[in-house]
Amino acid sequence: MHTWTIHHFDAGGGIAVVEMLFRCNILALVGGRSNAICPVNKVMIWDDHQSQCIGEISFRSEVKSVELQRHHIVVILMQKIYVYKFADLKLLHQIETTANPKGLCVVLQSSGQMVRVEHYASKRTRFTMAHDSRIAAFALSQDGTLLATASSKGTLVRVFNTLDGSLLQEVRRGADRAEIYSLAFSSTAQWLAVSSDKGTVHVFSLKADFGTLNNDRLHNTSESHVSSSSMISSLSFMKGVLPRYFSSEWSVAQFRLHEGLQYVVAFGHQKNTVLILGMDGSFYRRQFDPITGGEMTQLEYYNFLKPEETL
């Protein structure tokens with residue numbers, strides 16, 4: 001299960017980052033710049049059952065984000081990433097990075113690979129020139145073999161092989177600039193979901209032959225083939241003559257939300273379902289048709305801040 005980092009948790013700015021360890025009572029908290037409950041350069045490990053802090057880690061500069069695993073705590077600063085042992089908060093790794101103002105980092109829960117890409121098992125580092133502009137968001141597939149990236153332009157999403165850094169697929173969110181809020185692979189890496197400030201969640205079909213990267217990954221190749229062919233521009237036969245825009249791969253399914261509001265996306269356990277969590281407390285569960293695509297069907301809606309609002 002992937003954990004989500006929520007920035008600007010409250011309107012007053014008292015908490016800048018909240019990270020939950022799976023679905024348990026352990027949280028990582030980082031203070032905001034105003035009305036802070038703790039400094040911006042300190043990570044507090046909070047036990048919600050005991051209602052008390054059970055550990056602290058301090059730094060010389062502002063903490064941008066935190067990732068929690070069962071055995072590790074990963075803290076992201078502007079130009080460094082620290083990996084600590086959860087049991088005793090002992091420092092295990094220190095990684096230098098380029099400027100990372102958004103605190104972007106994805107930790108693979110099963111094997112400990114993290115995006116830069118660092119392969120701890122084989123002690124290899126892989127650098128990939130993903131985009132011409134600054135990286136805005138990225139995500140790893142569950143087995144760690146695929147990396148999806150989006151830049152600050154927010155028009156294209158690229159999928160790479162983490163083992164050799166090769167570009168496997170490029171899909172288009174749109175033509176106008178957008179801020180990408182989150183990317184998420186389905187469990188089989190057959191689908192990729194993208195949310196942005198344009199208020200639309202997109203679901204893209206990924207190539208069936210990605211399964212050759214890992215023989216254990218299951219794919220429904222017939223569905224992938226139909227969806228892939230339907231999402232390519234009808235002007236793709238002019239590829240090489242017209243701009244790349246006309247031969248781009250487009251999303252199979254979409255769901256329109258409130259523009260400008262931040263949403264985080266994930267795939268549900270039910271087949272072809274997408275979970276969407278808004279920073280206004282809204283929660284959506286939507287289902288898409290892998291064959292015909294189009295607008296998703298709403299299965300469930302709830303607002304955690306306004307319990308009276310239901311489907």
query = How about the stretch 244-293: which of its residues are assigned to a helix (DSSP H, G or I) and not hydrophobic (A, V, I, L, M, F, W, C)?
reply = Arg244, Tyr245, Ser247
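Hey, could you check the stretch 157-172 for residues that are free of Cβ contacts under 8 Å to residues at least 60 places away in the same chain and assigned to a strand (DSSP E or B) and say which is nearest to Lys207 (Cα to Cα)? Can you show your working first?
First, the residues of the stretch 157-172 that are free of Cβ contacts under 8 Å to residues at least 60 places away in the same chain: 157-168.
Imposing the further condition that a residue be assigned to a strand (DSSP E or B) reduces the set to 157-161, 167-168.
Details: Val157: 14, Arg158: 12, Val159: 10, Phe160: 12, Asn161: 13, Leu167: 12, Leu168: 9 Å.
Looking at residues that are free of Cβ contacts under 8 Å to residues at least 60 places away in the same chain and assigned to a strand (DSSP E or B), I get Leu168.
Please tell me if Phe22 is at positive phi and not assigned by TED's automatic domain parsing to the domain that holds Gly281.
On the way: at positive phi: yes; not assigned by TED's automatic domain parsing to the domain that holds Gly281: yes.
Spelling it out, Phe22 is indeed at positive phi and not assigned by TED's automatic domain parsing to the domain that holds Gly281.
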task = Go over the candidates Ala121, Ala87, Ala99 one by one and state the one that is modelled with pLDDT under 65, hydrophobic (A, V, I, L, M, F, W, C) and either exposed (fewer than 12 other Cβ atoms within 10 Å of the Cβ) or within 26 Å of Val159 (Cβ to Cβ) (or both).
result = Ala121
ask   = Within the bounds of the stretch 276-284, is there any residue that is in the same structural domain as Ala137 (by TED's automatic domain parsing), more than 21 Å from Leu192 (Cα to Cα) and at pLDDT 90 or above?
value = yes
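The values are calculated or read from the model by the stated rules, or taken from the named source; none is laboratory data. Computed from a predicted structure; not experimentally measured. Here the Cβ is made from the backbone with ideal geometry for all residues, glycine too, and neighbour counts use every protein chain on show.
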